[in-house]
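Participant: Pasting in a structure now, in structure tokens, and then I'll have a few things to ask.
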Amino acid sequence: MKNGLKLFLGVFGILALSWVGLLLAAHKQLGALPQFKDPVEETLNPVQLSGLAHQGALVYQDLGCATCHTQQVRFEGVGSDIARGWGERGGYPRDYIRDDVVLLGSSRIGPDLRNVGKRIPDAEYFYKLLYAPEAKIGGTALAHGMPPHKFLFTERVIADRQPSYKAVKLPAGFGPAEGIEVVPTPRAEALVAYLLSLKDTYDYPTERSLNTPAAHPKEGGH
Amino acid sequence: MNSPVSNSRAEQQEIDASAKWPVLVFLGAALAWLLLGGVMQLAANMQLHNPAFLSGCVWTTHGRLAPAAENILVYGWGFNAAFAFGLWLMARLSATTLRHGGWLFVGAKFWNLGVALGVAGILAGYSTSFDLLEMPRFVVFLLLVAYALIGVWGVTTFSIRNTENVYASQWYLFGAAFWFPWLYSVAQIMLFRAPVRGVLQPIVDAWYVNGLYSLWFLPIALAAIYYFLPKLLGKPIKSYYLAPLAFWWFAAASALAGGSRLVGAPVPVWVPTLGIVAHMLLVLPVIILAVNFLGTLKGGFGAVAGSLSLRFIGLSIAGFFTAVILGMVLAVRGVAASTAYTQWETLRDWLALYATFSVAMFGAAYFYLPRLTGKVWRSSVLTGVHFGATLLGVIAIVIGLAGAGCVQAHQLADASIPFAKITDSLVAWHTFNSVGFGLLLLGNVAFFLNFVWISCPINSRGTASAEIPAPSALTLATKEGHA
């Protein structure tokens, strides 16, 4: 190889081919995927995130939760995602069109979160988890290996004031000293609203029929 | 022609003199980032077995610290080291001096400013959370302009070459110089400027990350291997006529292989399938490269043991084949079903970045620094510590990440094992990895000290270049000039 121009054209062609073949082709297929209107209920799916949950998605992004948590459920037969209860079904591309920023994640240092709002529909649990993941409830810790996120809370002296109705009820021994309450910041509230919104419960008839193998394969044919 | 250009010694000295300051500036910046990134990587890894460590401050929470460390190692260390090595080798192989060095300093300043702002942005909470594209949007323009100022001189040096032939190392350097800016700007446009919707975003990110490793870091490592093997062993590359085929095939297959990172993900099934097929096509270039490298090494193991550069290059060759073969194995659908999302994938990427690329850059630096500065390595203890710690550290990390990956893959597949138990059984492996990262850091501190010692203009032994006669070309071909 001596010709610089040929080298350049080859180098260019290789990357152009992969761009067209992978990204452009995928965009052609999925780029205009719309919400699905349920024929009976007449609801649009996936449901848009609420304003607070949308803010929470930004908190999820800035804290780097995706470093250790995935948001993708594989189909029955691939891994143990369904058996672990991480989802009722495998994920479809359409599930993700509601997200501005799609963070599938690539590491499961922590468990999958795609349906965590369905699995644990309990805001109080998430506040405890974020403040003191090592806190024990009924003898078992809330989470193993998760770092505490105490910076998402303010610790306030109650003194003679009325305690905040938002204060997190921590098990004894895991909160601050007596007379101090732990109140979630707006960022924590947004993050928890986002976590609670994570549930792919609607099963799209169009996708389901494409992804389910035929129950009884034809025998013999003609 | 079958071996690197062997222009006259005087010419080489002139080329080296023209490259001296740009290379020293890039390598100095690279090593500073390497130490900072190493410390942060170690701290982030310690958080895995000690979750409360540094968790009080939002800036150092694991979700920010780990990506910040990764970005420092990739864009701070990796790119600066690649610039230093790539510009020098391009000048040498093109038999022309590196011109307009002033622009390179401007480029270096802006690149490092961009990386610093980007990393600060991640730590301050402006991360985009896309793997290896975490840096906030405001640094993208800075990085691209700085890259243009630097990359253009690599290409210019190539286009004004004074040689008849173009050697294999030049193909890889030339390709990488173009692939990175295209990959980066396309990914930035498709993710942030005019964002694509839904799961197209992870597809773009997978395409970019795969491209960054296999069309930027691996080609530069291959350029180093192709250059130093014949140079230091004093014999031509075995079956060199196959090298062009390996280059085109490796690049074309790698460019299409990104989808295999998405096996099982909610994307159209042809996306991972294309990636898997492309990965399997890598068999041919891997065989050719094995013939090229191992065939050349055959019978030369004595020389490898005697030369520091060659020892690093040998380790890099081992790292390259492990990385690529592991990538192929992890792409197989049945394997990916259990290894996806585990530390096996971390190991695959780490092998490409550290065990292949970084180690090759160390080997290159041990060759070019004495030539650029005209001095010898001042401490053979420090060079010994660097190689020993790197070798042990690489082995430790391979064992540690593979062990953690095995435990994770095995236990994640069994739904009866609660998730908390998996986390508990990984603690020992994470602790082991911290030892490995600590070893690597120790070696890099030793290298940094030696670098400062050799490159500092105010050397304790005065102008060493005047005292040490230039070694003859013959000895240069067989051993590098370290003490």
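The values are calculated or read from the model by the stated rules, or taken from the named source; none is laboratory data. Just so it is clear, the structure is predicted and the values come from calculations on it, not from any experiment. Cβ: placed from backbone, ideal geometry, glycine included. Neighbour counts: every protein chain shown.
Participant: Looking only at helices (runs of 4 or more DSSP H) that fall completely inside region B:192-267, which ones have 1 or more residues that are β-branched (Val, Ile, Thr)?
Facilitator: By residue number, B:200-212, B:218-233.
Participant: Here's a follow-up. Of the numbered conditions (1) within 14 Å of another protein chain (Cβ to nearest Cβ); (2) surrounded by fewer than 18 Cβ atoms within 10 Å (Cβ to Cβ), A:Phe174 satisfies every one except a single condition; which is it?
Facilitator: (2)
Participant: From the list B:Thr356, B:Thr373, B:Thr431, which residue is more than 23 Å from the chain's Cα centre (by Cα) and at pLDDT 95 or above? Please lay out each step first, then the result.
Facilitator: Details: B:Thr356 fails: more than 23 Å from the chain's Cα centre (by Cα); B:Thr373 fails: at pLDDT 95 or above.
The unique qualifying residue is B:Thr431.
Participant: Something else now. Exactly one of these conditions fails for B:Leu294: (1) surrounded by 24 or more Cβ atoms within 10 Å (Cβ to Cβ); (2) over 19 Å from the mean Cα position of the chain (by Cα). Give me its number.
Facilitator: Of the numbered conditions (1) surrounded by 24 or more Cβ atoms within 10 Å (Cβ to Cβ); (2) over 19 Å from the mean Cα position of the chain (by Cα), the odd one out for B:Leu294 is (1).
Participant: Another question about this same structure. I need the full set of residues from region B:404-454 which are crowded, with 17+ Cβ neighbours inside 10 Å and under 30 Å from B:Trp21 (Cβ atoms), in order please.
Facilitator: B:Leu440, B:Leu441, B:Leu442, B:Gly443, B:Asn444, B:Val445, B:Ala446, B:Phe447, B:Phe448, B:Asn450, B:Phe451, B:Ile454
Participant: Another question, if that's okay. Here is a check on your reading of the model: is B:Leu262 surrounded by fewer than 24 Cβ atoms within 10 Å (Cβ to Cβ) and either touching a residue at least 24 places away in the same chain (Cβ under 8 Å) or at the interface with chain A (Cβ under 9 Å from one of its Cβ atoms) (or both)?
Facilitator: No.
Participant: Among the residues of region A:24-73, which ones are over 28 Å from B:Ala120 (Cβ atoms), among the polar types (S, T, N, Q) and in a loop (DSSP other than H, G, I, E, B)?
Facilitator: Kept after step one, since they are over 28 Å from B:Ala120 (Cβ atoms), are these residues of region A:24-73: A:24-53, A:72-73.
In the following step, the residues that additionally are among the polar types (S, T, N, Q) were identified as A:29, A:35, A:43, A:45, A:48, A:50, A:72.
If the condition is that a residue be over 28 Å from B:Ala120 (Cβ atoms), among the polar types (S, T, N, Q) and in a loop (DSSP other than H, G, I, E, B), then A:Gln35, A:Thr43, A:Gln48, A:Ser50, A:Gln72 are the ones that fit.
Participant: Which residues, taken from region B:268-277, are within 7 Å of another protein chain (Cβ to nearest Cβ), assigned to a helix (DSSP H, G or I) and surrounded by fewer than 24 Cβ atoms within 10 Å (Cβ to Cβ)?
Facilitator: Result: B:Leu274, single match.
Participant: Residues to consider are B:Val58, B:Val23, B:Val115, B:Val39; find the one that is closer than 30 Å to A:Thr67 by Cβ and surrounded by 24 or more Cβ atoms within 10 Å (Cβ to Cβ).
Facilitator: Values: B:Val58 fails: surrounded by 24 or more Cβ atoms within 10 Å (Cβ to Cβ); B:Val23 fails: closer than 30 Å to A:Thr67 by Cβ; B:Val39 fails: surrounded by 24 or more Cβ atoms within 10 Å (Cβ to Cβ).
None of the other options fit; the residue is B:Val115.
Participant: Pick from region B:136-159 the residues that are under 19 Å from B:Ala223 (Cα atoms) and not hydrophobic (A, V, I, L, M, F, W, C): which of them is surrounded by the most Cβ atoms within 10 Å (Cβ to Cβ)?
Facilitator: Restricting to residues being under 19 Å from B:Ala223 (Cα atoms) and not hydrophobic (A, V, I, L, M, F, W, C), the top hit is B:Thr157.
Participant: Turning to a different aspect of this structure: If you take just the helices (runs of 4 or more DSSP H) that sit entirely in region B:1-113, which of them hold at least 3 residues that are under 30 Å from A:Leu129 (Cα atoms), without any contact (Cβ under 8 Å) to a residue 40 or more places away in the chain and of a type in the set (A, V, I, L, M, F, W, C)?
Facilitator: B:9-49
Participant: Kindly list, by first and then second residue, each pair from a residue in region B:405-422 that is more than 25 Å from A:Gly139 (Cβ to Cβ) and more than 9 Å from chain A (Cβ to nearest Cβ) to a residue that is assigned to a loop (DSSP other than H, G, I, E, B) and β-branched (Val, Ile, Thr), limited to pairs with Cβ atoms under 8 Å and residues at least 6 apart or on different chains.
Facilitator: Note: pairs meeting the criteria are B:Gly405/B:Thr342; B:Ala409/B:Thr342.
Participant: Can you name the number of the only condition in (1) of a type outside the set (S, T, N, Q); (2) closer than 26 Å to B:Arg137 by Cβ; (3) at the interface with chain B (Cβ under 8 Å from one of its Cβ atoms); (4) over 13 Å from the mean Cα position of the chain (by Cα) that A:Arg94 fails?
Facilitator: (2)
Participant: Suppose we filter region A:71-89 for residues that are surrounded by 21 or more Cβ atoms within 10 Å (Cβ to Cβ), closer than 22 Å to B:Leu200 by Cβ and within 7 Å of chain B (Cβ to nearest Cβ); how many remain?
Facilitator: So the count comes out to 2.
Participant: While we're looking at this one, here's another question. Filter region B:187-199 down to residues that are without any contact (Cβ under 8 Å) to a residue 12 or more places away in the chain and at the interface with chain A (Cβ under 7 Å from one of its Cβ atoms) and give me whichever is surrounded by the most Cβ atoms within 10 Å (Cβ to Cβ).
Facilitator: That would be B:Gly198.
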